[in-house]
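What follows is calculated from the coordinates using simple rules that are stated; it is not laboratory data. Given the structure is predicted, the values throughout are model-derived calculations rather than measurements. Methodologically, a virtual Cβ is constructed for each residue, glycine included, from the backbone with ideal geometry; neighbour enumeration extends over all protein chains shown.
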Amino acid sequence: MEKVREFNDTILQNEQKMKIAKEGSILSKRGRGAKILFGIIFVVFLLYAISLLLPFVFLITNSLKGSLEYLEDSIAGKTMEMPDKWLFTNYIDAFQEMKMVNSRGQYVYLPAMLLNSVWYSIVCVFCGVAASTLTAYCLAKYRFKLRGVLYGIAIFSMTIPIIGSSGAAFKLMYELGIYNSPILPFLTNFGGFGFNFLILYGFFSNISWSYAEAVFIDGGGHGTVFFKIMLPQAWPPMLTLAIMAWIGAWNDYMTCLLYLPDYPTLASGLYRIKQSITRGGNYPQYFAGLVISIIPVVAIFIAFSDTIMQNFTVGGLKG
Amino acid sequence: MENDKTLLTAPAPKPKHTAKKRKETLFLICMLALPVLQWLVFWLYVNFSSIMLAFQDQRTGEFTFTNFAMFWDSLISPYGEIRIALKNTLIYFCTSLFVIMPIALVISYFLYKRVIFYKGFRVIFYLPAIISGVAMVAVFTNFIDPTGPLGTIVKLFGGEIPPEGLLGRPTTATWTIVAYCIWTGFCGNILLFSGAMARVPIDVLESAKLEGISPTRELLSIVFPLIWPTVSTQIIFVFTGLFTSSGPILLFTNGNNDTTTISFWIFSQVYGNGAVGGSGSYNLVSATGLCFTVVGVPIILFVRWLMEKIPAVEY
């Protein structure tokens, strides 16, 4: 029995390899004219890629300069040049000295902003993905009276733009007492509809209900089906959505500026610090702060880039 | 078809109130209560409240059309802020639809066709989506500074960037931000188009290749029709943002030099000068938003109808 399974696996693997090889041959082999075109495209892509990587070079090199050196370099148009002396201490100084003043007149330093970024992004991801999973699962797998209405709401909310409601939203949050409070992201992110809903709805719709029937026969309930059968299968798309939501929340500066002014994240805090820097101010330290703020996202992206790309490649968006 | 549905979803509830059905109902209530409540409060109530605010006087709270009159004045006045905001918003919208999306489609095609180093390019091209706008704008601003690298390059060719910089002049400020949006704007589209292209049946391309098809013909006549559902969805999404299209105005100019857009104008009206509690002038914001919503909804519905009219290829 074991040998038969191994034999079948080998056949499947060989078929897969042949399919990949065929794909590679069709997508990569080209005639002379096409080769020239692809050569030109490669050069264009390379230049564009360099332009996207240059900001990192700029940030890192200038974050290691002295403030006077940076000022001189910027006047002389030499900001892309290497530092005379590599001042790694800028990073320590950024952690110890960079600060902004909150509405209570207290200083908020970079480590506190980092901490705010961590909790804020985790809350946004957890609430956003959890709520979408709950609604997507129920609407995809159960037939109940309000199902059509809720699905209609999901599509309506996504495709019909209501503009200018931020004033009313701001007023509501102020009246509820959640404005400038850490409770705010819990409540505002627990929305079950939107892009995440659509992706997860499509995913759950394609999982067979036979698994659930088997659980019911064994005496399990709806909760067991959801938590022990469906949820583990949904991890790949949920992980992809969670990573993308985390990156979005980490970089989100406008929501925090507007609703959480006393809990600045790295993104909103660095924006406010930038507003207070005058020409000739300590820009290298500010750049060091920016580098610190992008390290976690870059690390997460490097770790999960295959997951993001593959899941979008496999799933895509249903039109 | 019906058999497929019964396999994929729970059976339709029976008319009798059995214990099994009660358990299912209880489970659904537990699962959906919080997300539905959240939608009722933070979407339905907020939008209803926004419509009410549009018809209320800011100080007295009495029913009035003053907010709409103020909106109209700002829209028709040659120097009205909303007029400038609308013009700029439409520039960003057209850029998204007619520049960013087509270029992203072409980039995705060449990545799909495995141009040299395509895996690396795919990751690098996605970088603007993961880096904070605060960091990207800081670098871009320094790059286009008269004394920055762009200034040096322009000088080499005998030109000169104005001393106040490209962002310091109303004639160049918006276009500079548009250039930034194009530079950083392909990532999301590339991800979605690449995903759609990966599902194109390889046999179709193989037959086309045997016929000696050119890359342009392959993209326009084979790949594009096959990924049309994704493209049309993206077009609908771009139209959904018709009046909210914008660049990172706050980070670049804070709305100065005629760079404001509708969404930034709304943000700045609510945010005020950054003081806790915001500006408090929500009524004009709501009236403006309501007017653009009333104009935008039929356009989006028409575009959706139009997109559905174009048949998608089944494969």
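For region B:69-309, the direction-averaged projected area of the alpha-carbon convex hull comes to 17.1 nm². Within region B:79-131, the percentage of alpha carbon pairs spaced more than 14 angstrom apart rounds to 67%. Between B:LYS21, B:LYS87, B:LYS155, the Gaussian network model of chain B with springs among Cα atoms under 10 angstrom shows the greatest mean-square fluctuation at B:LYS21. Counting only Cα atoms, the size of region B:182-315 along its three principal axes is 66, 31, 24 Å, in decreasing order.
Here region A:115-263 was treated as a single set of alpha-carbon atoms; its pair distances binned every 10 Å from 0 give 10, 34, 33, 18, 6, 0 percent. Between 0 and 90 degrees, the angle of helix A:283-315 with respect to the longest Cα principal axis of chain A falls at about 10 degrees.
Measure nothing but the geometry: give the 0 to 90° angle between the long axis through the Cα atoms of A:166-176 and the longest principal axis through the Cα atoms of chain A, rounded to 10°. The angle comes out near 90 degrees. With helices as the sole contributors, the protein assembly as shown gives -21500 deg cm²/dmol at 222 nm; each DSSP H run of n ≥ 4 counts as -39500 (n - 2.57), and the sum is divided by every residue.
Size of region B:89-179 from its Cα atoms: along the principal axes, largest to smallest, the extents are 44, 31, 28 Å. The spread of Cα positions in region A:16-165, taken along each principal axis and listed from longest to shortest, comes to 68, 67, 36 Å.
Coupling constants for region B:108-122 follow from the phi torsions by the Karplus curve (6.51 cos²θ - 1.76 cosθ + 1.60, θ = phi - 60°), and in residue order they are 4, 4, 5, 5, 5, 7, 6, 4, 3, 6, 4, 5, x, 4, 4 Hz; glycine and proline get x. For the protein assembly as shown, with equal point scatterers placed on the C-alpha atoms only and solvent neglected, what are the log10 I(q)/I(0) values from the Debye formula at q = 0.05, 0.09 1/Å, to two decimals? The calculated log intensity ratios at q = 0.05, 0.09 Å⁻¹ are -0.26, -0.87. Modelled spin-label separation between B:LYS23 and B:SER281, with each label point placed 7 Å from Cα along the Cα-to-Cβ direction: 6.0 nm. Here B:LYS87 is the anchor, and the aspartates and glutamates within straight C-alpha reach of less than 13 Å, apart from those fewer than 8 places off in the same chain, are B:ASP258. Cβ-Cβ distance of B:LEU8 and A:ILE217, R₀ of 22 Å, FRET efficiency by 1/(1 + (r/R0)^6): the value works out to about 0.75.
The convex hull built on the alpha-carbon positions of region B:23-79 has an orientation-averaged projected area of 6.3 nm².
With kT/(6 pi eta Rh) evaluated at 4 °C and eta = 1.567 mPa s, and Rh the Kirkwood radius from Cα pairs, region A:160-210 diffuses with a coefficient of 95 µm²/s according to Stokes-Einstein.
Here the contact order of chain A, divided by its residue count and restricted to Cα pairs under 8 Å and six or more residues apart, works out to 27 percent.
Distant-in-sequence amide contacts of B:THR64, defined by a placed amide H-H separation under 5 Å and a gap of 5 or more residues or a different chain, comprise B:GLN56, B:ASP57. In chain A, the ratio of gyration radius to Kirkwood radius, Rg to Rh, stands at 1.06 when only Cα atoms are counted.
Taking other Cβ atoms within 10 Å as a rough exposure proxy, B:ARG22, B:ARG83 sort from fewest to most as B:ARG22, B:ARG83.
Among the listed pairs B:LYS113/B:LYS309; A:LYS145/B:LYS309; A:LYS141/B:LYS21; A:LYS274/B:LYS155; A:LYS228/B:LYS20; A:LYS78/B:LYS119, which have their C-alpha atoms separated by more than 24 angstrom in this model? Pairs exceeding 24 Å: B:LYS113/B:LYS309; A:LYS145/B:LYS309; A:LYS274/B:LYS155; A:LYS78/B:LYS119. Treating each Cα of region B:35-147 as an identical point scatterer and summing with the Debye formula, the log10 of I(q)/I(0) at q = 0.22 Å⁻¹ comes to -1.17.
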